[in-house]
Amino acid sequence: MPASARAAVAPSGFSEQVVFSGLTNPSNVAFGADGRVFVAEKSGLIKVFDSLEDSTPSVFADLRTKVYNYWDRGLLGLALHPDFPTDSRVYVLYTHDGLIGGPTPKWGTVGGTNDPCPSPPGPTSDGCQASARLSVLTPSGSTVAEQVLIEDWCQVFPSHSIGSIEFGPDGMLYAGGGDGASFNYADHGQDAFPSSDITPDNPCGDPPSPTGTALAPPSAEGGALRAQDVRTSGDPTTLDGSIIRIDPDTGLAAPGNPMLSSPDLNTRRIVAHGLRNPMRFDFRPGTSEIWVGDVGWSAWEEIDRIISPATVTNFGWPCYEGAGKQSGYDGQDLSICENLYAAGPSAVAAPYFAYNHSEKVVAGESCGSGSSSITGMSFYEQGNYPPEYDGALFFADYSRKCVWAMLPGANGLPDPSELVTFASGYGTTRLQTGPGGDIFAVDYDNGRIMRYVFNGTNNPPTAIIDADPSGGPSPLTVTFDGTASNDADGDALTYAWDLDGDGQYDDSTAATVQYTYTGSQVVTARLRVNDGRGGTGTASTQIDVANGPPIATITAPGPATKWKVGDTISFAGTATDPEQGTLPASALTWALIMHHCPSDCHAHQITTKTGTSGSFTAPDHEYPSYLELRLTAKDSGGLTDVKSVRLDPTTVGLTFATQPSGLKLTYFSKSVTTPTTSTAIVGSNGSLSADLLQPAAGKLYRFASWSDGGARNHNFTAPATPTTYTATYVPKRNLALNRPVAVSSVYTAGREGPKAVDGSMSTAWSSARTDPQWLRVDLGSVQVVDRVLLNWLGSAYGKAYLIEVSGSGRTWKTVYSTTVGDGGIDNLTFTPNFARYVRITATTRGVAGSYYSLWEFGVFQDTGPITGIAGQCVDIYQASSADGTPTTLYTCHGKANQQWTQFEDGTIRALGKCLDARGTALRTPAVLWTCDGSEGQKWLPRANGTLLNVRSGQCLDATGGLSANGTRLILYTCHTAINQKWTLP
């Protein structure tokens with residue numbers, strides 16, 4: 001057994017058996033009551049074994065033409081009808097090689113096993129769009145008829161496809177599907193690769209725009225947001241990121257579904273949503289509960305519990321991951337997520353159990369961390385396992401190559417504090433309860449079906465054979481070595497060999513033995529080891545006499561080859577065989593494998609090709625990653641030789657910064673404090689997000705621009721040279737700065753009220769050590785206010801407080817209140833109100849016995865005056881809203897023609913129209929004009945205080961440096977004089 005396929009079963013008394021081997025990428029297994037075992041291979045083949053003892057399966061169905069077998073896509077779901085074999089129907093869930101309602105194959109070929117994704121569009125660039133099918137297969141004689149029950153699940157990128165289908169205890173059929181979105185960036189439906197539109201922008205036609213139009217925040221509902229589609233009734237619902245419950249005869253929503261009254265057929269089917277990739281799920285015995293393993297993105301793997309399919313459960317993806325907000329999507333300010341956040345944490349169901357990618361599932365275990373993907377879920381119900389396993393939840397992680405059991409607690413539910421590391425050593429894509437109640441595992445990489453058996457107090461030994469050589473010309477002398485065999489209990493082993501292949505272990509009892517073969521034959525040599533306490537283990541290996549193994553050679557590319565995303569890499573190789581000479585092209589199979597290594601590595605087989613030469617296009621993936629090109633040569637006798645070459649990418653260093661420094665950005669899914677650095681593969685796609693508003697050092701800053709010209713939330717392609725991406729922020733006007741203050745009390749000299757509005761983070765107001773306390777600021781005139789910024793001093797914060805506003809100082813209106821304050825910085829927003837006075841009244845201190853203390857108390861507005869030279873305001877002449885009305889400087893008076901609002905599209909608006917420069921020449925007047933989206937209506941605030949007109953490249957200027965009322969505003973060459981300095985609300 002190769003080292004990579006060896007497993008360790010941890011609990012005493014358990015061992016594992018290889019039930020079936022020689023499979024090709026098995027993805028699922030189902031056990032019939034008549035003893036037959038059905039195994040799905042990802043390519044689309046379904047093989048059937050007559051029993052657990054059968055070693056030569058037949059093909060039950062060949063769906064390869066219809067199945068899109070590429071990267072993580074393929075045939076993944078398999079289930080037998082509950083009345084099988086009386087009812088002989090077999091149900092499958094697979095990625096369909098075609099668009100919804102479209103012909104097949106779209107990307108592959110008829111009868112093809114491994115399907116391509118050409119570049120363009122590229123698997124992770126624009127994506128090879130596909131769909132998925134849930135079908136029922138009915139055998140009739142020697143043929144199998146397929147009835148498609150559902151064709152849906154629009155998928156753009158090569159992962160988070162579909163997963164399990166299971167029959168529930170109610171006899172209804174349940175199915176799970178992923179979001180079909182990018183795993184490289186926070187995907188809301190943006191155009192990742194504008195140079196190629198073989199797959200059009202927004203290919204799934206997600207709102208608010210039609211197919212062919214890239215989506216943008218805040219209204220975008222594409223990409224991973226399809227997992228929240230059931231919450232948006234204005235468009236047809238997709239099944240992405242959901243669990244559905246259907247009638248197994250018709251594919252329609254099952255009776256009793258919670259949304260049967262919906263006019264949308266898909267909405268009727270859904271019982272849970274907000275899932276990223278619910279690849280596997282199972283029902284807790286004796287209940288209708290569904291326990292889902294949801295594959296995470298950057299930080300968390302989840303086990304989610306659907307208590308009842310009678311109500312709709314939202315698990316929050318992509319707005320939430322684990323128990324908290326998903327920073328990559330939170331940073332994009334998407335309405336569909338912001339609305340969910342506003343509904344509070346109770347609007348989504350938190351995971352029953354989640355484990356962080358950087359942490360062990362069980363402390364001290366040998367299983368790795370870093371790479372993670374939960375890929376197996378099965379309850380143990382009854383059998384000969386020890387009683388503590390009754391009702392245990394077994395789950396597997398393909399990337400960590402481990403299986404765990406979550407033992408039940410006193411309430412009968414799986415208890416996260418009772419975790420057992422059960423098995424390790426190979427990647428499992430399915431756990432399934434089988435004959436005898438035992439748990440079976442699908443070993444995807446090694447082509448095996450495994451069985452976990454309990455043997456009581458004695459662990460049986462593990463037999464391991466090393467044969468050298470395993471083939472060659474006759475006569476062939478082979479040295480057999482069994483000394484690597486072992487016993488978990490440390491018992492001494494005895495050996496028995498069957499070297500002549502007659503099935504009798506009577507040829508030797510030595511640990512190491514030689515045997516000479518003659519003639520031309522294939523012999524299966526076997527070893528049986530005995531621990532002297534009734535435990536035995538067997539192993540076998542094939543010896544090819546007069547048939548030596550081939551020798552594979554990769555001639556190109558060499559190990560020094562570097563690649564960028566999108567590069568075409570040519571490969572070539574040969575193979576020779578002692579008996580056959582040079583092997584034909586059909587004997588050479590190439591596999592392209594992506595290894596992603598955030599700490600430890602996990603692998604994705606991308607595609608395979610056959611022949612002596614060819615090429616592939618280097619795909620996109622987050623760094624650190626590398627490619628492996630693996631060549632397998634196979635001779636006519638079945639002997640193989642495998643060679644591989646590791647291909648490392650060309651990388652580039654990236655720096656992410658803000659002006660001012662120290663603000664936060666979101667890169668991919670991670671929130672980072674600037675400045676920070678990262679490494680990316682050249683040509684790879686990344687996503688950057690900057691919050692619209694950020695507090696820092698007692699000030700509130702508004703996003704202005706990215707140094708690369710991108711939108712506030714945008715994708716970028718990693719360049720060939722080191723690059724810094726800087727988000728520029730400009731300060732908002734603090735209406736409370738240096739304004740008169742009144743307070744309820746002062747703790748000590750030097751902590752007076754004005755210290756909270758002096759703009760300094762080294763001085764503060766502190767109150768007496770009693771409740772309640774208040775601070776009031778006079779803005780000097782009535783203003784529109786909608787935001788307060790509180791910078792609390794350490795533990796001297798208010799746990800319960802309210803914000804009040806008043807126009808006169810006599811009657812007050814509460815605009816914000818909380819009882820769960822936690823200190824630090826509170827950036828509070830509320831409905832805009834006219835106010836001259838703003839007050840905080842604190843009623844409960846965060847720490848008993850302390851005082852209340854604020855470094856700074858700031859008041860802000862999103863609509864207000866734009867001030868310039870000499871404190872004069874930008875004024876619309878005579879308050880006219882006619883197109884072409886000039887703008888001037890004028891004494892600030894607070895009326896509507898001086899109230900401006902800055903929008904994210906770059907426009908600055910008042911009186912329902914836009915500030916506009918209708919030309920590009922010097923001294924072009926700045927006027928009011930109907931908003932039309934033109935570049936002359938887009939203005940870029942800059943860190944030096946100037947306001948740049950995007951189309952002209954010139955700045956807003958007070959003519960002649962004057963400040964008198966009526967001074968016209970124009971475009972002029974940018975400089976830093978005072979007549980081009982502006983403060984926006």
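Coordinate-derived values only; no laboratory data. It should be emphasised that the depicted structure is a prediction, and the values quoted were computed from it without experimental measurement. Positions of Cβ are backbone-derived with ideal geometry, glycine not excepted, and every protein chain shown enters the neighbour counts.
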### Summary
Here the equivalent ellipsoid of the stretch 819-865, derived from its Cα gyration tensor, has semi-axes (largest first, whole Å) of 25, 11, 11
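For the stretch 1-145, just run the numbers: alpha carbon Rg, then divide by 2.2 N^0.38 Å, N being how many residues it has. Please report the intermediate quantities before stating the final value.
Numbers: Rg = 17.3 Å, N = 145, 2.2 N^0.38 = 14.6 Å.
The reported ratio for this selection is 1.19.
How much of the DSSP bridge set in the chain is antiparallel, in percent, rounded to the nearest 5?
Values: 253 of 264 bridges.
Around 95 percent of the beta bridges assigned by DSSP in the chain are antiparallel ones.
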### Message
Suppose the chain between SER707 and THR555 were pulled fully straight at 0.36 nm per residue; how much longer would it get relative to their current alpha carbon spacing?
### Response
50.3 nm
### Message
What does the extension gain come out to for SER745 and SER760, with contour length at 0.36 nm per residue minus their alpha carbon separation?
### Response
3.4 nm
### Query
Across all directions of projection, what mean area in square nanometres is found for the Cα convex hull of the stretch 532-619?
10.5
### Task
Could you tell me which of the pairs LYS562/LYS670; LYS42/LYS401; LYS664/LYS938; LYS699/LYS799; LYS664/LYS799; LYS813/LYS938 are separated by over 30 angstrom between their Cα atoms in the structure shown?
LYS813/LYS938
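Given only helices, namely DSSP H runs of n ≥ 4 each adding -39500 (n - 2.57), what is the per-residue ellipticity at 222 nm of the chain, to the nearest 500 deg cm²/dmol?
Details: 3 runs with 17 residues, N = 985.
The helix-only estimate for the chain comes to -500 deg cm²/dmol at 222 nm.
If you take the beta carbon distance between THR479 and PHE454 as r and set R0 to 45 Å, what does 1/(1 + (r/R0)^6) give as a FRET efficiency, to the nearest 0.05?
With R0 = 45 Å, the Cβ-Cβ based efficiency is 0.80.
May I ask you to order 600-611, 862-873, 679-690 by the average number of other C-beta atoms within 10 Å around their residues, highest value first?
679-690, 862-873, 600-611
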### Message
If packing is taken as the average number of other Cβ atoms within 10 Å across a peptide's residues, how do 543-554, 883-894 rank, most packed first?
### Response
543-554, 883-894
### Message
Let me see the P(r) profile for the stretch 316-400: every Cα-Cα distance counted, bins of 5 Å, each bin given as a percent of all pairs.
### Response
3, 12, 16, 16, 15, 15, 11, 6, 3, 2, 0
## Note on the structure
the stretch 22-356, Kirkwood Rh and Cα Rg, ratio Rg/Rh at 0.96
### Bins of 5 Å from zero: percent of alpha-carbon pairs in the stretch 555-671
2, 9, 18, 18, 14, 11, 9, 6, 4, 3, 2, 1, 1, 0, 0
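Set the Förster distance to 56 Å, then compute FRET efficiency between THR983 and GLU628 from the Cβ-Cβ distance, nearest 0.05.
On the way: r = 57 Å, r/R0 = 1.02.
With R0 = 56 Å, the Cβ-Cβ based efficiency is 0.50.
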### Query
Taking the Cα centre of each part, how many Å lie between the stretch 917-979 and the stretch 840-870?
33
### Query
Rg and Dmax of the stretch 652-729 over Cα atoms: what are they, in angstrom?
12.0, 39
### Message
Can you compute the modelled spin-label distance between THR640 and ARG810, with each label point 7 Å from Cα toward Cβ, in nm?
### Response
9.0
### Query
Which distance in nm do the two modelled labels at THR677 and LEU260 give, with both placed 7 Å along the Cα-to-Cβ direction?
6.3
### Message
Multiplying the sequence separation of SER570 and THR976 by 0.36 nm and subtracting their Cα-Cα distance, what value in nm do you get?
### Response
140.7 nm
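Where does the stretch 600-647 land on Rg(C-alpha)/(2.2 N^0.38 Å)?
Working: Rg = 13.2 Å, N = 48, 2.2 N^0.38 = 9.6 Å.
That ratio works out to 1.37.
Under the classification rounded if a/c is under 1.5, otherwise prolate if a/b is larger than b/c and oblate if not, where does the stretch 864-980 fall, given a ≥ b ≥ c as square roots of the Cα gyration tensor eigenvalues? Don't skip to the end; give the middle numbers.
Working: a/c = 1.37, a/b = 1.01, b/c = 1.36.
Rounded is the answer for the stretch 864-980, as its axis ratio a/c remains below 1.5.
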### Summary
Once both label points are put 7 Å beyond Cα along the C-beta direction, the ALA697-THR24 separation in nm becomes 6.4
### Task
Please find the FRET efficiency linking GLN17 to LYS609, where r is the Cβ-Cβ separation and R0 is fixed at 25 Å, and quote it to the nearest 0.05.
0.10
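How do 572-581, 52-61 rank on mean C-beta neighbours within 10 Å, highest first? All intermediate terms of the calculation are to be shown ahead of the outcome.
On the way: 572-581: 17.3, 52-61: 13.9.
Per-residue Cβ counts within 10 Å, averaged per peptide and sorted highest first, yield 572-581, 52-61.
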### P(r), alpha carbons of the stretch 382-465 - 10 Å bins starting at zero, rounded %
16, 46, 33, 4, 0
### Task
Excluding residues on the same chain fewer than 8 positions from LYS981, give the lysines whose Cα lies under 16 Å from its Cα.
LYS732
### Hydrodynamic radius of the stretch 741-861 per Kirkwood, over alpha carbon pairs, in Å
14.0
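Per Stokes-Einstein, at 25 °C and 0.890 mPa s, what whole-number D in µm² s⁻¹ belongs to the stretch 693-793, with the Kirkwood radius over Cα pairs as the hydrodynamic radius? Don't skip to the answer; put the middle values down first.
Details: Rh = 16.6 Å.
After rounding, the answer is 148 µm²/s.
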## Note on the structure
Honestly the stretch 103-253 on the Cα gyration tensor test (a ≥ b ≥ c root eigenvalues; a/c under 1.5 rounded, otherwise a/b vs b/c for prolate or oblate) is just oblate
### Query
Taking Rh as the Kirkwood radius computed over C-alpha pairs, what is the Stokes-Einstein D of the chain at 25 °C in a medium of viscosity 0.890 mPa s, expressed in µm² per second?
76
